[in-house]
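Quick notes on the structure that follows.
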Amino acid sequence: MEMVTPSRHRIFSALGAAIIWGACVLFPGPGGARAADPAAAKGHHPAAPAGVGSLDVFARGNQLHLLLARTLRGEPPGLFYFRSEDAGRTWLPRVRIDSAAPHNPHRGMDAQIAATHEVILAAWMIQGTGLFGSGPIALARSTDGGKSWAPAASPLDDRSTAGHSFLDLAADTAGVFHLTWLDSRDGQQGVRYTRSTDGGKTWEPNQTLKAASCECCWNTLATGGAGEVAVLFRDKDPRDMRVAFSKDGGAAWQVGAPAGSFGWQFNGCPHTGGGLAFSREAGQPVLHSAVWTGRSGQTGVYYTRSTDLGAEWTKPQALGSEKASHPDLAALPDGTIAAVWDVHGNGAGDGIWTALSSDHGVTWNPPVHFARRASATHPRVAAADGEFAVFWTETTDTGESYWRRQPLAKP
């Protein structure tokens, strides 16, 4: 295992992340029903796309915190926050939170949301001097349950305006916020991390978890209940997924084994990260991952688990067909695990798929075709109030796009 140490203030190259700009989606009201856009109804800027460019959801108890990046025709995107107190059955009115416009948010590079009992934080990339206009990370902070928001302190210590992208944000049970992203401060794209122990008021010096990584696959953070923190990222050579983990709340880190040793050699970026979640079995942490590989003969989504925070992993288990991609997963306290992914290019099999395990991932029920619209993509699954909710975005035949939420019943 590889030990990692804090990075120092270093100027990095202007390399950002080579990204495929995904289609944005129409901004609906909570629950997935499309809401009319007054500007669109008047025909303002008819040549420009409109909709939700990104989606993130964070669960805490029975609360769901939802963050959408919305773009009106001909206008910069904005960030809108929703809160549910009943696991997503109903939602409070949306609140716009961004003081600086997010830069090209899209599925696979979504703006991020996380919450403790007292503070809600949102994080996103703004325009800068990096590749494709990528830039630094901006934060917004709320201390009144999301009713009002204010800009928060920068988490970055490199003082660069180049790209800091593919970020993820999480909060643990101790009230600590954890943030990870990719930047090239050392001359090559690598995985960075910082944490805040005072509700996002200040941030600790940035750490480099892996000096060389894939250039543009999303990272995923997960926290356990006793100081465990893990970051799932795509490695550079080979392009397998790997986990960096901490046993002390993010102070010190190690890099474990690949989460699925496929040995995939690929000189490029597949634009696909993975899902990561903790459960506890007999009081001990179990780390669950859903990963995608493009290795010939093994292409698809796989599940693997670790009982030592990622130092070693079980043999990968295929969860779907070779067309499966964009996985995510979540865990309930009783050891029920939900995995979700999308399928495209498979005709009648296109859409969102799910699979469930009731024994901490040891065995899995057969996959279920959960949402059958061919354009449904990038599902997210959240565990709240003892149940699962699946979120995704999709596009209609007329080019209008929107987001969906649907409960996923336990086995």
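The values are calculated or read from the model by the stated rules, or taken from the named source; none is laboratory data. Here the structure is a predicted model, which is why all the values come from computation and not from measurement. Note that we place each Cβ from the backbone using ideal geometry, even for glycine, and neighbour counts take in every protein chain shown.
Quick notes on this structure:
- Residue within the stretch 240-248 that is under 23 Å from Ala355 (Cβ atoms), without any contact (Cβ under 8 Å) to a residue 60 or more places away in the chain and out of contact with any Asp or Glu (no Cβ under 8 Å at 6 or more places or on another chain) present: yes
- Residues in the stretch 316-343 that are of a type in the set (Gly, Ala, Ser) and either under 16 Å from His369 (Cα atoms) or in contact with a Leu (Cβ under 9 Å, 6 or more places away or on another chain) (or both): Ala318, Gly320, Ser321, Ala324, Ser325, Ala338, Ala339.
- With respect to (1) in contact with a strand residue (DSSP E or B) (Cβ under 9 Å, 6 or more places away or on another chain); (2) not in a strand (DSSP E or B), the lone exception for Leu287 is condition (2).
- Residue within the stretch 240-255 that is of a type outside the set (Val, Ile, Thr), surrounded by fewer than 20 Cβ atoms within 10 Å (Cβ to Cβ) and part of a strand (DSSP E or B) present: yes
- Candidates in the stretch 370-386 are the residues that are closer than 19 Å to Arg83 by Cα and out of contact with any strand residue (DSSP E or B) (no Cβ under 6 Å at 6 or more places or on another chain); of these, the one that is surrounded by the fewest Cβ atoms within 10 Å (Cβ to Cβ) is Gly386.
- Any hit, the stretch 138-151, residues being at pLDDT below 95 and not hydroxyl-bearing (Ser, Thr, Tyr): no
- Residue match in the stretch 194-204 (condition: of a type outside the set (Gly, Ala, Ser) and in contact with a Cys (Cβ under 8 Å, 6 or more places away or on another chain)): no
- Any hit, the stretch 20-34, residues being at pLDDT 50 or above and closer than 28 Å to Gly145 by Cβ: no
- Residue satisfying all of: in the stretch 357-369; in contact with a strand residue (DSSP E or B) (Cβ under 7 Å, 6 or more places away or on another chain) and not hydroxyl-bearing (Ser, Thr, Tyr); farthest from Thr336 (Cα to Cα) among these: His369
- Inside the stretch 61-110, residues that are out of contact with any Asp or Glu (no Cβ under 6 Å at 6 or more places or on another chain) and not in a strand (DSSP E or B) make up a count of 26.
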